[in-house]
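The values are calculated or read from the model by the stated rules, or taken from the named source; none is laboratory data. A quick note: this is a predicted structure, and the numbers were derived from the prediction, not measured. Every residue, glycine among them, receives a Cβ derived from its backbone with ideal geometry; neighbour counts consider all protein chains shown. SASA here: full protein model, heavy atoms, side chains in, ligands and nucleic acids out. Shrake-Rupley method; radii C 1.70, N 1.55, O 1.52, S 1.80 Å.
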Amino acid sequence: MLEDLYRRVIMEHSQNPQNFGLVDDDTYLGHHLFNRSCGDDIKVQLKIEYGNIVDIRQQGKGCSICCASASVMTMTLKNKNIYEAKEAIEEFLKLSKGEPFKEELLYPDSKAFQGVSRFPARVRCATISWRASLEVILLYEKRED
Ligand code: ZN
């Protein structure tokens, strides 16, 4: 039953992804990652003001796990500050590996990806957009130093 629910959540997000589509605006910082094993190709853009993620965009081509996860990632990180966001990313990486994680830091639909831990090849699909956003945050921090 839970499996069916999770599958439906993933299907809904992949068919109706949130914050989808890139913007032509140089106040956003972007990063692009490619997952060779599955062919997932994802770009993220974050608008960070004074350490707060005020907007986030994503666009990619890939499997439904990758596209759905990118959608959930934007719902989780939008309006967080970069410290909260890094913590949330870390928790999602734990979730995807089947490790204990802090549920309260993640958007509820994140739990739909718990099943990927049983399929090591899919862990990369589920985490690629989160890793791309982490790269943007690290880039932002480097710039601010
Ligand atoms: Zn994939």
Taking the alpha-carbon distance from Lys61 and a cut-off under 16 Å, which lysines remain once sequence neighbours fewer than 8 residues away in the same chain are dropped?
Lys43
Label-point separation, Lys97 to Arg8 (7 Å along Cα→Cβ), nm
3.2 nm
Could you name the lysines in cross-link range of Lys97, using Cα to Cα under 20 Å and dropping any fewer than eight places away on the same chain?
Lys86, Lys111
In sequence order, calculated HN-Hα J values of region 84-101 (Karplus, 6.51, -1.76, 1.60; Hz; x Gly/Pro)
4, 5, 4, 5, 4, 4, 4, 5, 5, 4, 5, 3, 5, 9, x, 8, x, 9
Could you give each residue of region 123-134 its phi-based ³J(HN,Hα) in whole Hz, using Karplus coefficients 6.51, -1.76, 1.60 with θ = phi - 60°, and x for Gly or Pro?
4, 5, 4, 6, 9, 4, 5, 5, 5, 5, 5, 4
Given charges at Cβ of Lys, Arg, Asp, Glu: the chain dipole, positive-most of Asn16, Gln59, Val116
Val116
Using only protein heavy atoms and a 1.4 Å probe, report how much of Leu29 is accessible, in Å² to the nearest 10.
20 Å²
Under 5 Å between amide hydrogens, which residues at least 5 positions from Cys63 or on another chain qualify, with H placed 1.01 Å from N in the peptide plane?
Asp40
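Report the longest stretch of the chain that contains none of the trypsin sites (Lys or Arg not before Pro) sitting in a DSSP loop with at most 15 other Cβ atoms within 10 Å.
Working: sites that count: Arg36, Lys97, Lys102.
So the longest stretch without any such site is 37-96.
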Could you pull out every residue, at least 5 positions away or on a different chain, whose amide H is within less than 5 Å of the one on Ile56? Hs are placed 1.01 Å off N in the peptide plane, and Pro or chain starts have none.
Lys47
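When Lys and Arg each count +1 and Asp and Glu each count -1, what net charge do the other residues less than 14 Å away from Asp24, Cβ to Cβ, add up to? Intermediate values should be presented prior to the final figure.
On the way: positive: Lys43, Lys47, Arg57; negative: Asp25, Asp26, Asp55.
Summing Lys/Arg as +1 and Asp/Glu as -1 gives 0.
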Amide H of Asn81: which non-local residues (sequence gap of 5 or more, or other chain) have their own amide H closer than 5 Å, using H built in the peptide plane?
Ile53
Grab the DSSP H runs of the chain that are 4 residues or longer, score each as -39,500 (n - 2.57), total them, divide by all residues and round the 222 nm result to the nearest 500 deg cm²/dmol.
-15500 deg cm²/dmol
Of all DSSP beta bridges located in the chain, what percent are antiparallel, nearest 5?
95 percent
Using only the heavy atoms of the protein chains and a 1.4 Å probe, how would His13, His32 rank by accessible area, largest first?
His32, His13
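Only loop residues by DSSP count here, and only those with at most 14 other Cβ atoms within 10 Å; note down the chymotrypsin sites (Phe, Trp or Tyr not before Pro) in region 22-76 that meet that.
Numbers: sites: Tyr28, Phe34, Tyr50; in loops: Tyr28, Tyr50.
Counting only loop positions with at most 14 other Cβ atoms within 10 Å, the chymotrypsin sites (Phe, Trp or Tyr not before Pro) in region 22-76 are Tyr50.
So between Lys61 and Ala121, what do we pick up on full extension, going 0.36 nm a residue minus the alpha carbon distance? Walk me through the numbers before you get to the answer.
Details: separation 60, 0.36 × 60 = 21.60 nm, distance 1.71 nm.
Length gained between Lys61 and Ala121: 19.9 nm.
Just to make sure I understand: if all protein chains stay in place, what is the order of Cys38, Cys63, Cys125 by accessible area at 1.4 Å, largest first?
Values: Cys38 60, Cys63 25, Cys125 0 Å².
Greatest to least solvent exposure: Cys38, Cys63, Cys125.
Taking square-rooted eigenvalues a ≥ b ≥ c of the alpha carbon gyration tensor, is region 29-145 rounded, prolate or oblate, where a/c under 1.5 means rounded and, failing that, a/b exceeding b/c means prolate?
Numbers: a/c = 1.91, a/b = 1.32, b/c = 1.45.
Judged from the Cα gyration tensor, region 29-145 comes out oblate (a/c at least 1.5, b/c at or above a/b).
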